[in-house]
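A quick write-up on the structure given underneath.
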Amino acid sequence: MIIFGLDPAIRTTGYGIVRALGSGRYEILDCGVIENKKTMPHSECLRRLYGGVNELIDLYSPDCAAMEEPFVGRNSKTAIILGMARGGILAALAVRGVPAYSYMPSVAKRAAVGSGGATKEQVAYLLAAELKINVNDIPLDSTDALSLAICHAQRAFCNLPDKMGKSI
């Protein structure tokens, strides 16, 4: 099973593509960031997010996607911008028929590395050690996306539909 993890943002969307091999074994196929410059209008950022997600779907043919559940703080402008990024990503997934699920960041980190409050650096080091890869090959902005993919894999392989993320 190939799972596409996504940590949406309008300027820096982290992604992680994980192949779940069963019973707690994973392989990172790719991880990185879809970046947009601060000077770009939101419409261009959304076009690039949509295109980037489509490129990754073409390369890896994921079976499903796991996204971060949105955090809505006090800043409504930030929430609206995050909603736009999620919408662009969800549109790309839906057009390509890739089902998406969402998880709270703390749930994903706990599933992947044992601590819901782990920092991006801690997640990168623990995943690198567990998966026997160089920590420098894991961009910090992709750590949450990798955690989301691993979290979803655990739930899918354990056949725990009641513990699956919320279908979005």
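Among the residues examined, residue 123 does not qualify as at pLDDT 85 or above, in contact with a strand residue (DSSP E or B) (Cβ under 7 Å, 6 or more places away or on another chain) and farther than 19 Å from residue 35 by Cα.
State whether one or more residues within region 15-33 are modelled with pLDDT under 95, among the aromatic types (Phe, Trp, Tyr), out of contact with any Lys or Arg (no Cβ under 6 Å at 6 or more places or on another chain) and assigned to a strand (DSSP E or B). Among the residues of region 15-33, at least one is modelled with pLDDT under 95, among the aromatic types (Phe, Trp, Tyr), out of contact with any Lys or Arg (no Cβ under 6 Å at 6 or more places or on another chain) and assigned to a strand (DSSP E or B), which makes the answer yes. Remark: pairs (first residue in region 117-135, over 17 Å from residue 151 (Cα atoms); second residue small (Gly, Ala, Ser); Cβ separation under 7 Å; 6+ apart in sequence or on different chains) = 134/128; 135/124; 135/128. Within this structure, residue 6 passes the test of being in a strand (DSSP E or B) and crowded, with 23+ Cβ neighbours inside 10 Å. Close contacts from region 83-110, counting a first residue that is touching a residue at least 24 places away in the same chain (Cβ under 8 Å) and closer than 18 Å to residue 49 by Cβ and a second that is open to solvent by 50 Å² or more (accessible area, probe 1.4 Å) and β-branched (Val, Ile, Thr), with Cβ to Cβ under 8 Å and a gap of 6+ residues or different chains, come to 90/168; 100/168; 102/168.
Here residue 22 clears all of (1) small (Gly, Ala, Ser); (2) under 15 Å from the mean Cα position of the chain (by Cα); (3) open to solvent by less than 20 Å² (accessible area, probe 1.4 Å) except the condition numbered (2). Inside region 31-60, residues that are hydroxyl-bearing (Ser, Thr, Tyr) and under 22 Å from residue 137 (Cα atoms) make up a count of 1.
The values are calculated or read from the model by the stated rules, or taken from the named source; none is laboratory data. Given the structure is predicted, the values throughout are model-derived calculations rather than measurements. Cβ atoms come from the backbone with ideal geometry, glycine included; neighbour counts cover every protein chain shown. Ligands, DNA and RNA are stripped out before the accessible areas are found, and what is left, the full protein with its side chains, is counted by its heavy atoms. Shrake-Rupley method; radii C 1.70, N 1.55, O 1.52, S 1.80 Å.
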